[in-house]
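Below is one structure, written out as structure tokens; comments come after it.
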Amino acid sequence: MKANYGYKDGSGEFYITIDTELCDGCTRCVEACPEKVLEVVENELDPLAEELVARVTDEHRKKIKYSCAPCKPTTGPINLPCVQSCEPGAISHSW
Amino acid sequence: MANSESKEYWRWTESRWTNPDLDWKNGEIISAGVDVGSVSTQSVVMVDGEIYCYANMRTGSDSPDSANKSMKWALDGTELPLDNIEYAVGTGYGRVNVPFAKRAITEIACHARGANFMYGPTIRTVLDMGGQDCKAIRCDHRGKVTAFLMNDKCAAGTGRGMEVFADLLQVHINEVGQMSLVDEEPEPVSSTCVVFAKSEAVALLRKGWSKDNVLAAYCGAMAHRVVTLLERLGVEDDFAITGGIAKNIGVVSRIEKELKVTAPEPSIDPQLAGAIGGALFGKALVEKASKK
């Protein structure tokens with residue numbers, strides 16, 4: 001499942017997509033994120049399953065444009081710690 | 001005069017129903033789903049996966065109280081005691097505040113499951129237009145979520161936005177959709193914000209626009225707003241809409257036109273989808289526990 005966390009407002013679209021088929025719940029992204037945007041919990045969208053998957057915390061979901069800003073310099077290459085720490089490649093950003 | 005001023009144009013019809021063909025005493029698994037939304041609360045009781053009774057009412061300021069009240073109303077006259085419900089699931093915005101629920105499940109999963117029950121296993125895309133948010137969901141033939149996107153940062157494209165407009169134009173909420181079907185489609189108002197859309201509408205009324213045209217402009221804006229949400233996720237046939245706005249022909253027909261799809265007529269009140277999904281999960285969780 002592709003879970004999109006974030007929002008769209010007048011300034012653009014800001015979504016972090018987590019592919020729960022790929023995510024193995026290893027928690028490396030949780031440790032890599034300097035702003036503590038991610039957490040690993042039971043998959044709430046599939047109540048009958050018991051695997052753990054990563055998601056964006058409720059605290060950050062509606063402000064990820066700002067939470068993720070320190071990792072996104074306006075010039076130079078963008079190397080997102082969450083994306084790089086994810087071995088299966090389950091995390092992507094829309095902006 | 002005072003009388004017409006105090007009329008609540010936004011107030012939609014509350015309802016309850018008991019299935020005359022079912023007897024709960026013959027059922028094996030009695031499960032329930034309670035969807036405490038920001039605007040409305042639904043309780044659905046299912047006997048072996050069939051709807052036995054339901055109630056749909058307005059959410060008050062107190063979530064536990066709304067959950068209790070709607071369940072009490074659903075069970076009214078059925079003689080089914082609350083304790084006989086084996087598994088109750090809470091869902092929606094106030095899902096953690098349902099006192100008698102064994103588990104809280106997110107409304108995204110419940111709406112997909114509910115739409116699967118209501119419209120059949122061919123449904124792949126579900127648009128839930130709720131009271132204060134809007135969710136685009138993709139699901140498989142079992143109603144399991146395969147992708148989702150949610151907009152809950154503002155009230156544009158939601159039921160509450162429509163209530164604001166019903167109140168502004170003094171048109172009853174049930175009639176808004178039909179009234180907005182004008183011959184010539186006007187330019188939509190702002191789709192980013194209900195408050196801005198309302199100020200635009202006030203300006204249009206001052207310019208002499210008719211109520212029909214202002215409603216058409218707002219329904220168009222709302223449809224456009226959710227279509228951009230759906231396009232990001234991708235729309236796969238069959239497509240269905242759940243939530244209160246599914247009853248608004250003005251918005252539904254404009255979404256269908258923009259996306260070039262048709263949404264099936266709901267056979268059950270589309271506001272119930274979340275609670276139906278919750279009750280079905282309740283049944284599945286009872287079955288899962290008994291297998292262990």
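The values are calculated or read from the model by the stated rules, or taken from the named source; none is laboratory data. Please read all numbers here as calculations on a predicted model, not as lab measurements. Glycine also receives a Cβ, built like all others from the backbone with ideal geometry; neighbour counts cover every protein chain displayed.
Let me spell it out: the conditions are (1) surrounded by fewer than 15 Cβ atoms within 10 Å (Cβ to Cβ); (2) more than 14 Å from chain A (Cβ to nearest Cβ); (3) assigned to a helix (DSSP H, G or I), and B:VAL195 meets all of them except one. Which number is the exception?
Of everything listed in (1) surrounded by fewer than 15 Cβ atoms within 10 Å (Cβ to Cβ); (2) more than 14 Å from chain A (Cβ to nearest Cβ); (3) assigned to a helix (DSSP H, G or I), B:VAL195 misses just condition (2).
Quick check on my filter: what residues within segment B:87-110 are among the aliphatic types (A, V, I, L, M), facing another protein chain (nearest Cβ under 10 Å) and part of a loop (DSSP other than H, G, I, E, B)?
In the first step, residues of segment B:87-110 are kept if they are among the aliphatic types (A, V, I, L, M); the result is B:88-89, B:96, B:98, B:101, B:104-105, B:108-109.
Filter once more, keeping what is facing another protein chain (nearest Cβ under 10 Å): B:89, B:104-105, B:108-109.
Listed by number, the list holds a single entry, B:ILE105.
I'd like to know if segment B:173-181 contains one or more residues that are in the same structural domain as B:GLY277 (by TED's automatic domain parsing), surrounded by 23 or more Cβ atoms within 10 Å (Cβ to Cβ) and not small (Gly, Ala, Ser). Give the steps one after another, and end with the answer.
The initial filter retains those residues of segment B:173-181 that are in the same structural domain as B:GLY277 (by TED's automatic domain parsing), namely none.
No, that holds for no residue.
Give, as residue ranges, the strands (runs of 3 or more DSSP E) completely inside chain A that count at least 3 residues that are in contact with a Phe, Trp or Tyr (Cβ under 8 Å, 6 or more places away or on another chain). I'd like the intermediate steps shown before the answer.
Values: elements: A:2-9, A:12-19, A:38-42, A:52-56, A:91-93.
Of the strands (runs of 3 or more DSSP E) lying wholly inside chain A, those with at least 3 residues that are in contact with a Phe, Trp or Tyr (Cβ under 8 Å, 6 or more places away or on another chain) span A:2-9, A:12-19.
Could you please find all residues in segment B:227-250 being within 23 Å of B:VAL202 (Cα to Cα) and within 12 Å of another protein chain (Cβ to nearest Cβ)?
Across segment B:227-250, there are no qualifying residues.
Sort through B:MET222, B:MET150 and tell me the only one that's more than 14 Å from chain A (Cβ to nearest Cβ) and in contact with a strand residue (DSSP E or B) (Cβ under 9 Å, 6 or more places away or on another chain).
On the way: B:MET150 fails: more than 14 Å from chain A (Cβ to nearest Cβ).
Checking each option against the conditions leaves just B:MET222.
Of the residues that make up segment B:129-144, is at least one of a type in the set (S, T, N, Q) and either over 20 Å from B:GLY274 (Cα atoms) or in contact with a strand residue (DSSP E or B) (Cβ under 6 Å, 6 or more places away or on another chain) (or both)?
To start, the set of residues in segment B:129-144 that are of a type in the set (S, T, N, Q) comprises B:132.
Those left that are additionally either over 20 Å from B:GLY274 (Cα atoms) or in contact with a strand residue (DSSP E or B) (Cβ under 6 Å, 6 or more places away or on another chain) (or both): none.
No, segment B:129-144 contains no residue that is of a type in the set (S, T, N, Q) and either over 20 Å from B:GLY274 (Cα atoms) or in contact with a strand residue (DSSP E or B) (Cβ under 6 Å, 6 or more places away or on another chain) (or both).
For segment A:17-25, indicate whether the set of residues that are over 20 Å from B:LEU233 (Cα atoms) and more than 9 Å from every other protein chain (Cβ to nearest Cβ) is non-empty.
Within segment A:17-25, the first condition is being over 20 Å from B:LEU233 (Cα atoms), and the residues that meet it are A:24-25.
Then drop every residue that is not more than 9 Å from every other protein chain (Cβ to nearest Cβ), which leaves A:24-25.
Among the residues of segment A:17-25, at least one is over 20 Å from B:LEU233 (Cα atoms) and more than 9 Å from every other protein chain (Cβ to nearest Cβ), which makes the answer yes.
From the list B:ALA216, B:ALA223, pick out the single residue that is part of a helix (DSSP H, G or I), under 16 Å from the mean Cα position of the chain (by Cα), without any contact (Cβ under 8 Å) to a residue 40 or more places away in the chain and closer than 23 Å to B:HIS172 by Cα.
B:ALA223
Determine which single condition B:VAL189 fails, assuming it passes every other condition in (1) within 23 Å of the chain's Cα centre (by Cα); (2) among the aliphatic types (A, V, I, L, M); (3) more than 14 Å from chain A (Cβ to nearest Cβ).
Every listed condition holds for B:VAL189 apart from (1).
Could you list all residues from segment B:153-167 that are surrounded by fewer than 19 Cβ atoms within 10 Å (Cβ to Cβ) and either within 10 Å of chain A (Cβ to nearest Cβ) or in a loop (DSSP other than H, G, I, E, B) (or both)?
B:LYS153
Only one of B:ARG138, B:ARG113 is within 14 Å of chain A (Cβ to nearest Cβ) and either assigned to a strand (DSSP E or B) or surrounded by fewer than 16 Cβ atoms within 10 Å (Cβ to Cβ) (or both); which? Let's see the steps before the verdict.
Numbers: B:ARG113 fails: either assigned to a strand (DSSP E or B) or surrounded by fewer than 16 Cβ atoms within 10 Å (Cβ to Cβ) (or both).
Just one listed residue meets the conditions, B:ARG138.
Which condition number does B:SER66 fail, the rest of (1) over 27 Å from B:GLY120 (Cα atoms); (2) assigned to a loop (DSSP other than H, G, I, E, B); (3) in contact (Cβ under 8 Å) with a residue 24 or more places away in the chain being met?
(2) is the only condition that B:SER66 fails.
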